[in-house]
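What follows is a short report on a single structure.
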Amino acid sequence: MTGRGRYTNDINVPGQAHAAFVRSDHAHGTIKRIDADTAARMPGVIRIFTGEDLLRAGVGFIHRIPIKGFELGKVLDTPRPGLAQGRVRYVGEPIALVVAETAVEAADAASTIAAAIDPLPCVTGIGDAIASDAPIIWDDAPGNVAIRWNSGSTEAIDAAFAGAAHVTRLKLINSRIFANAIEPRAGIAQFNKANDRYTWITPSQGVRYMLRVMCDQVFRIPDEQMHVLTYDVGGAFGSKEQPYPEDIALLHAARAIDRPVKWHAARSENLLSDNHARDAVIDCALALDQRGHFLGIRASILQSMGSYFGCNGPNGTIRNTPWGMPLVYRTPLVHADVSCVMTNTAPIGPYRGAGREQASYIVERLVDKAAREMKIDRISLRRRNLIPKSGIPYMSPSGKLYDSGEFEAVMDKALTLADWKGFAARAKASKKQGKLRGLGIANFLECVGGSWFESCFIRFTEDRRVLLVVATQSHGQGHETSFPQVVAERLGIPYESIELRQGDSLDLPKLGYATIGSRSMIMAGSALSNTCDIVIEKGLKAASNLLEAAEADIEFSKGSFRVAGTDRSIELLDLANHVRLEAKGSATMAEALDSEGEYVAPDMHFPNGCHVCEVEVDADTGKITLDRYVAIDDVGTIVNPPIVHGQVHGGVCQGAGQVLMEQCRYSDDGQFLTATFMDYAMPRAADMPFIKTEFHPVPSPKNPLGVKGSGECGVTGSLPAVSNAIMNALARAGVKAEIDMPFTSEKVWKALCSAKPKQ
C-alpha cells in the first residue's frame, strides 16, 4: 500500500535478459524434434534451450521427497526435468526456453517455435486411469498406480463393520482446484563464474526448502554455491513451497549465457503449469451401534498425482488425512487405504489444508448422512460421540495424542453464536419468499506443526535495534508483525526496535524449514521464545558482572536487569551494547547477548473448531446464497487477534470457493479447459456473507507459547460446513441423493427436479 513492497517482478538486476517458455500442447506424446530456426534469427534472441541441452549439461531432476516416518515400500520415481526430455506428459509442460533482450522479444520468438510431437493415448480422470485398458503414463507404474498405502488394521475394521447396527456409506469427490495466489510465479537467475555460485531470487515459502531441492537433487552442488533470496511474497498457500521445472531451466540458462535471466509468468501459464491440488475420489463409511455410537471409519481414497510427483505430492493424503480422520470424536478404529494414481494432468501439490480438509470433509459428511438415515438429531449424534474434556489427553486410533481441547464447549459456543434454535423461524421466512434454507455444521480437528524443528537468531545492533533471523517465510501471514510481538513481550523491549529478517539462504539459523502446514508460530515462534530465555540467561550473568552483584541477586523484569532490593539496574539494550563493546577484539562473540535457540516439536499440535453455515437456495434456478457463517476456533494462545481473524476469514472464503464453484477441468484429450479467469471461477466479495469469528483458546502444553496453529482452520471447517448446509436444504426439499463439489446451480437444480419430477 505504501509502495515499499519488493516482489520478485519489482526487481531488476544489471545486464538481465528475459525468458519465455514454449509449452506442450499435447497431453502425452513423444518429442521428435523442436524447430527453433526461425526463432533463433528473430531480433533480440540470445539463445534457445531444450531438454537435450539440460541433459547434455548433466542437470538433474526434481524428485518426490520421502515422508519422514512412513515406509512406503516400492515407490515410482518420476524425475521431473527442467525442460521435457523425450516425452511430454501434460499440456503446459515446458519444452523449450527462449532468452532474449526483452520480455516481448522472448515471447515473440517463443510463439514461432514448432514442436513435432507424436501423440500418445492420454488419460486425465482418476477412474479412467486405473481401468484395465488405460494408457500407461510411466512404465514402472502398471495400472498407473504409483503408491499403495494403508493405515489401520483391516481385520479389526472389517469386524467392526460386520457387527455394526448401522453403516452409512458415501462416495465423495475432493475436486481438483488451484491456489491462485495474487502474485504469479517469477524468478531471476544469476551465475557468478568468479565464485562458481548461483543467485536465485524467487517467491518462496522458505529458502532452505528451495536450497535442499536444487542443491541435493538438481545441480548436486554444496549449499554455498546456491544463494537463494526471497523478498515479499504475494500469497502461496502451498503452491510456492517447492521449485518448479522453470526454475531449473532459468538457472541453467543464466550459467550458459553468463547473464542474469528474468521470468515472470502470465496468469494463464500459472493456471496451466503450477501444481494443482486436491483431486481425489473417496469411498468412505461410518459404522455405528444401535444407539449411534461410532464404531469405526474407513476410507478408500484414489488420489490423483498428475503426471509427475510434486516434492510433497502424496504427503497430504498419506499422512494428514488418516491422522485427522477421527476428528474430535471417540472412534475406536480408523482405516485408510490410499492409491496414488498418475494422470496426464498438471502435478498435484500441497494447498491450504493439504489433506486435513479431506479428513474433515469425509467425517462430517458421513456424520450428517448417518443422522438423517438413523433419524437422530445431528447435534445429539455429535454430542454423544464427542471426546469429553475429562478424556483429554486422548490417544486417537491414528496414534496421535490430543494434548488439549474442549470440543463440546467449542460446539456449544458456535451453536449459540449462530442462533441455531432460531433457524426454524428463518427457514419459514425464506419459504415465504420461495427459497429453501439449509443449516450446516462441522466439527473439525487438524494435526499440524510437528514438522521436526526450527531455530532462530536474535542479534543486538549498536544502534539499539534487535534483529530476528528465521528460516520460515511470510507470504501473507504477518510474521513481520507477530514474531516481533513475541520477542517484545518476552524481553520487555520496544516493539519498534525489532526487525524480522527472512529469505536469505546465506543468513539462516542452523535448523529450519519453511512456512507450511500452520507451523510457523508453533515452530519459529517457540524457537524465538526459547532464544529469549537464552538471552535473559546470558544477561543475568553479564548484569551480575557489571552491577557487581551475585547472579542470584539479579532480577529481570520489563526489559531491565536489577539488583534485588536496590535501584541499581541496566536496561537490556544498554547491557547488550556494553557487552558488545567489552567483547570487541576477542576471538569470539560468546560473551555477547546475541543468541541462537531452537524448538523441537515433541509431536503434532491439534487446532480444532466448530463452523456453522446457513444457505438459501433458489428452487427455480438452483442458485445458492451463503447467508450466515459462524466460526469458533481453538488455536491455542492467540498472539495477534486481527491476524488470526484474517486467517480464518481467508480460509473460509477459499473453502467456500471450492464447495460452490472452483474446479480445474480437462477434456478427454487432455486439453486444459480452465486456463483463464473467464473459465476458472473464484468467490468474490459479493459471494460471501459477513463471517462471525470468535475463539475458544485452550493453550497447548507442548510449546512455550501455547499456540496450536491457525492457517488452515478456515478451509478445514468450511468445506464440510457449507456442503452440509446445502445438503440440509436439499434434504428438506425431499432430495435423497447425495451430490458433491462443486455444488453448481445446475447440479442443485437437477437434484431438486429429480426429487419433484411433476414440477
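Derivation of every value follows stated rules applied to the coordinates shown; laboratory data play no part. Keep in mind it's a predicted model, so treat the numbers as computed, not measured. Don't worry about glycine lacking a Cβ; one is built from the backbone with ideal geometry, like all the others, and counts go over all protein chains shown.
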Assertion target for 419, 118, ordered by fewest C-beta neighbours within 10 angstrom first, is 118, 419
P(r), alpha carbons of region 153-286 - 10 Å bins starting at zero, rounded %:
11, 33, 22, 12, 12, 8, 2, 0
Cβ neighbours within 10 Å, averaged per peptide: list 311-317, 182-188, 672-678 in order, most packed at the top.
311-317, 182-188, 672-678
Qualifying trypsin sites (Lys or Arg not before Pro) for region 599-697 [loop in DSSP, other Cβ within 10 Å: at most 10]
684
Local electrostatic count at residue 109 - Lys and Arg +1, Asp and Glu -1, tallied over other residues with Cβ under 12 Å
-2
With a sphere of radius 15 Å drawn around the Cβ of residue 707, what net charge do the other residues whose Cβ falls strictly inside it have (Lys, Arg +1; Asp, Glu -1)?
-4
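Could you tell me what % of all Cα pairs in region 453-600 have separations over 17 Å? Please report the intermediate quantities before stating the final value.
Values: 6521 of 10878 pairs.
Summing the P(r) of region 453-600 above 17 Å gives 60 percent of all pairs.
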By count of other Cβ within 10 Å, fewest leading, how are 168, 621, 345 ordered?
621, 168, 345
Restricting things to alpha carbons, find the Rg to Rh ratio for region 210-271 using the Kirkwood radius for Rh.
0.96
Beyond 21 Å, the calculated P(r) of region 74-224 holds a percent of Cα-Cα pairs equal to 70 percent
With +1 on each Lys and Arg Cβ and -1 on each Asp and Glu Cβ, and nothing else charged, work out how big the dipole of region 453-600 is about its Cα centre, in Debye to the nearest 20.
200 debye
How long are the three semi-axes of the equivalent ellipsoid of region 360-495, in whole Å, if each is the root of 5 times an eigenvalue of the C-alpha gyration tensor, listed from largest down?
44, 22, 14
Can you compute log10 of I(q)/I(0) for region 526-577 with the Debye formula, treating each Cα as one identical point scatterer, at q = 0.13, 0.22 Å⁻¹?
-0.27, -0.72
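Give me the dipole magnitude in Debye, nearest 20, for the chain about the Cα centre, with unit charges on the beta carbon: positive for Lys and Arg, negative for Asp and Glu. Show your work: numbers first, answer last.
Working: 81 positive and 87 negative charges, 494 e Å.
For the chain, the charge dipole is close to 2380 debye.
Restricting to DSSP H runs of at least four residues, report the calculated mean residue ellipticity at 222 nm for the chain, -39500 (n - 2.57) per run over all residues, nearest 500 deg cm²/dmol.
Details: 19 runs with 206 residues, N = 759.
Rounded to the nearest 500, the figure is -8000 deg cm²/dmol.
Could you list 481, 78 so that the one with the fewest beta carbons within 10 Å of its beta carbon is first and the one with the most is last?
Numbers: 481 15, 78 24.
Least crowded to most crowded, the residues run 481, 78.
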What FRET efficiency would be calculated for the residue pair residue 496, residue 557, taking the C-beta separation as r and a Förster radius of 30 Å, to the nearest 0.05?
0.90
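Give the peptides 548-555, 512-519 in descending order of average Cβ contacts within 10 Å, highest first.
Numbers: 548-555: 13.6, 512-519: 26.4.
Output ranking for 548-555, 512-519: 512-519, 548-555.
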For region 333-395, the Cα-Cα pair-distance distribution in 5 Å bins from 0, as whole percents, is 3, 11, 15, 18, 19, 13, 8, 6, 4, 1, 0
Computed over the Cα atoms of the chain, what is the convex hull's projected area averaged over all directions, in nm²?
36.9 nm²
With the dipole of region 453-600 defined by +1 on each Lys or Arg Cβ and -1 on each Asp or Glu Cβ, the option from 460, 545, 485 whose Cα lies farthest towards the positive pole is 485
Of the listed pairs 431/623; 68/400; 428/747; 538/708; 375/756; 369/702, which have alpha-carbon separations greater than 26 Å here?
538/708; 369/702
The local net charge around residue 565, scoring Lys/Arg +1 and Asp/Glu -1 for residues other than residue 565 whose Cβ lies under 10 Å from its Cβ, equals -1
What one gets for region 692-733 as the Kirkwood radius, inverse of mean 1/r over different Cα pairs in Å, is 12.9 Å
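Stretch residue 372-residue 507 to full length: gain in nm at 0.36 nm per residue minus the Cα-Cα span? Don't skip to the end; give the middle numbers.
Working: separation 135, 0.36 × 135 = 48.60 nm, distance 5.71 nm.
Residue separation times 0.36 nm, minus the Cα-Cα distance, leaves 42.9 nm.
What per residue convex hull volume, in Å³, comes out for region 1-127 when only alpha-carbon positions are used? If you can, show how the numbers build up before the last one.
On the way: hull volume 27.5 nm³, N = 127.
Cα-based convex hull of region 1-127, divided per residue, equals 217 Å³.
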